[in-house]
Each structure stands twice: as structure tokens, then as C-alpha cells.
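Report on the following structure.
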Amino acid sequence: MNERSVVHDTFVLERTYNTTPSRVFSAWSDPEVKATWFPKADTFDFTVGGREINRGGPPGGEIYTYEALFQEITADERIVYTYSMDQGDARISVSVVSVQFKAVENGTHLIYTEHGAFLDGYDTPAVRERGTKANLDKLGEALSQEA
């Protein structure tokens, strides 16, 4: 077991997508569309108090579990959720996330803000930020393929 520790960090990622806030919001709220850019959910209840859960990992490796709880949803404007990440039986992080969708001249400006508590050295803010950037880039690719 790693030494017990908590590292707190916040990161903000911004992207502009060439489509409407409604389409970008739908890419987060529709489980089939979301599965084109984010790991497919085993459970997906996109309501306040609802959960999104997915499990997976490399072949023969540890199973990672992502479990989100939707705290606030305003269609086409924002989503606020909390989530935990587990590696096997170990809790590796707990985060609060807000995703804002703002109409701009060229489409939608997305602002993703994550406040994380990274536990016991299993995960780091830099690794999480890098993974989130990759997912937001995949989101952009998925949205451009819909156009």
C-alpha cells in the first residue's frame, strides 16, 4: 500500500466546438453519443441524483471504476457532478466537476472545471488533466463527424 496522502488540485479546460450548445450538451446527456468519446457506461441515469458508472481497464490489468453522481443539470447550459475513481478496491480520487456550455459566434465554448482530491499517490492531477484533455479532443472529433 502507498503512504496515505491527499493532493488537492483544480484545473480548467476550455474548448470551442463548431456546433450549437444543444448538440454539445446532448453529447454529454445521451449515453449512445457519449460512448463515442468517453468509456461506455454500464449505468447511465442523466437526472439530478442519477448516476453514471463504468468499469474497465487494460486486458489482464486492474479494473478501474468511475462513478458519477449528477448534482445539477440545466439543459444546454451546465452540468455539475461529483465522481470517484477506484483502481481495484482502492479509491484513488474524488472530484467535483462543472461543465458549462456558452453560445459563441462560431458555436459553443465549453468550460470544464475539476476540483480533485487525489488519494495516496495512485493518481495525479497531471495524469487526470491529460486524460480529460484527450477526452475533450475525442468529443470534438465526434461532434465534427456528426456535422
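The values are calculated or read from the model by the stated rules, or taken from the named source; none is laboratory data. Since we're looking at a predicted model, the values are computed, not measured. Here the Cβ is made from the backbone with ideal geometry for all residues, glycine too, and neighbour counts use every protein chain on show. The area values use the complete protein model at the heavy-atom level, side chains included, leaving out ligands, DNA and RNA. Shrake-Rupley method; radii C 1.70, N 1.55, O 1.52, S 1.80 Å.
Only a single criterion out of (1) within 14 Å of the chain's Cα centre (by Cα); (2) not in a loop (DSSP other than H, G, I, E, B) is not satisfied by residue 39, namely (2). Taken together, 114, 129 contain a single residue that is modelled with pLDDT of 95 or more, open to solvent by 20 Å² or more (accessible area, probe 1.4 Å), within 25 Å of residue 8 (Cα to Cα) and charged (D, E, K, R), which is 129.
In the range 71-96, the qualifying residues are those that are within 14 Å of the chain's Cα centre (by Cα) and closer than 18 Å to residue 16 by Cα, and the one that is most open to solvent (accessible area, probe 1.4 Å) is 78.
All conditions but one from (1) closer than 16 Å to residue 132 by Cα; (2) outside any helix (DSSP H, G or I) apply to residue 61; the one that does not is (1).
In the range 48-60 there is at least one residue matching the filter, namely being open to solvent by 40 Å² or more (accessible area, probe 1.4 Å) and in contact (Cβ under 8 Å) with a residue 24 or more places away in the chain. One residue is enough: does the range 126-134 have a residue meeting the conditions under 24 Å from residue 21 (Cβ atoms), part of a helix (DSSP H, G or I) and of a type in the set (Lys, Arg)? Taking every residue of the range 126-134 in turn, at least one turns out to be under 24 Å from residue 21 (Cβ atoms), part of a helix (DSSP H, G or I) and of a type in the set (Lys, Arg).
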